[in-house]
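Please treat every number below as a calculation from the coordinates, not as lab data. Computed from a prediction, not measured in an experiment: that's the story for all the values here. Note that we place each Cβ from the backbone using ideal geometry, even for glycine, and neighbour counts take in every protein chain shown.
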């Protein structure tokens, strides 16, 4: 299983809507509102890393109210 975290900045006033949409996406395991320069952190778990990246590019970045994302890929040591 591969894990990816996504930090998301939302447009003003769109946080609750974005969080609700994120919870519907395939592979999304956790969604939390956070403080700091980003508004939301999402944990995605998929069988292959390419599936997680597809979810980010084709699903998460297209959610209305998502202003920017930063992807953190977990590595196994």
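The table below gives the values:
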read-out: Candidates 34, 44, 63: whichever shows maximal mean-square fluctuation once the chain is modelled as a Gaussian network with Cα springs under 10 Å; value: 34
read-out: Projected label distance in nm at residue 11 and residue 33, using a 7 Å step from Cα toward the beta-carbon; value: 1.8 nm
read-out: Residue 76-residue 50 pseudo-label distance in nm [points 7 Å out on the Cα-to-Cβ vector]; value: 1.8 nm
read-out: Distance between the range 50-77 and the range 1-48 - C-alpha centres, whole angstrom; value: 8 Å
read-out: Nearest 10 degrees, 0 to 90: helix 49-58 Cα axis against the chain principal axis; value: 20 degrees
read-out: Relative contact order [Cα under 8 Å, 6+ residues apart], the chain, whole percent; value: 47 percent
read-out: Quotient of C-alpha Rg and 2.2 N^0.38 Å, computed over the chain; value: 1.02
